[in-house]
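Worksheet: the structure to be examined is printed underneath.
The values are calculated or read from the model by the stated rules, or taken from the named source; none is laboratory data. Just so you know, these numbers come straight off a predicted model, no measurement behind them. When we count neighbours, we look across all protein chains shown, and the Cβ atoms used for this are built from the backbone with ideal geometry, even at glycine. SASA here: full protein model, heavy atoms, side chains in, ligands and nucleic acids out. Shrake-Rupley method; radii C 1.70, N 1.55, O 1.52, S 1.80 Å.
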Amino acid sequence: MVSVFDIAKWFLSRESMTHKKLQKLCYYAQAWFCALYDGEPLFKENFEAWVHGPVCRELYPRYADYGWSEIPQTTKNDDSFDEETLNLLNAVWDLYGQYSGDQLEELTHKELPWQNQRTGLKAYEPSNNVISITDMRNYYLSEYEKAQND
């Protein structure tokens, strides 16, 4: 199994980006992997329903010093992943890579996995509620099935 740090490095090999964008891309990689591969997580680290969208607590300190600035692009590391994982990462990048961190935040705020863990909280109230793998799987699998029927 890969780690969230491996996935983050892969996205950073595509372009420099803010910490917020990186967190959301890693979240979508985990969520879509769960949906498309029988609920199995891509990596063991969890995402929590923070004010600005899903955040992996373990990944946060690695890039926190960048604040709102962009994290520099890294070297390509495709050979670290199997074909299934690479296909998923490329699909997530193709779908979400064009968006800013703010746009991805807005998108996650409209989706049930994050919303379910923010129930009863004020908009700017901190939370460390874990977004469940089951919620991710069910929601994104439903989105996938809807797209297949369009």
In region 120-150, the trypsin sites (Lys or Arg not before Pro) that sit in a DSSP loop and have at most 11 other Cβ atoms within 10 Å of their own Cβ are K122
Ratio of Rg to Rh for region 1-132, alpha carbon only, Kirkwood? 0.94
Cα centroid of region 6-24 to Cα centroid of region 31-54, whole Å: 16
Return a whole-number percent for the relative contact order of region 1-103, with Cα pairs under 8 Å and 6 or more residues apart as the contact set. 41
Could you list which residues have their amide H under 5 Å from that of M17, counting only those 5 or more apart in sequence or on another chain, with H placed in the peptide plane? I71
Output for region 1-74: trypsin sites (Lys or Arg not before Pro) sitting in coil per DSSP, at most 11 other Cβ within 10 Å, listed by number, reads K44
5 Å is the cut-off here: which amide hydrogens, built 1.01 Å from N in the peptide plane, fall below it relative to W50, excluding neighbours closer than 5 in sequence? V55
Students sometimes get this wrong: rank S69, S132, S127 by accessible area, probe 1.4 Å, all chains present, largest first. S69, S132, S127
GNM, the chain, Cα, under 10 Å: largest mean-square fluctuation among A31, A64, A123? A123
Accessible surface of L112 in the full protein assembly, 1.4 angstrom probe, to the nearest 10 Å²? 80
Heavy atoms of T74 accessible to a 1.4 Å probe, total area in Å² rounded to 10: 60
Please state the charge dipole magnitude for the chain, taken about the Cα centre, from unit charges on C-beta atoms (+1 on K and R, -1 on D and E), reported in debye and rounded to the nearest 20. 500
At 222 nm, what value in deg cm²/dmol follows for the chain if DSSP H runs of at least 4 each add -39500 (n - 2.57) and the sum is divided by all its residues, to the nearest 500? -16000 deg cm²/dmol
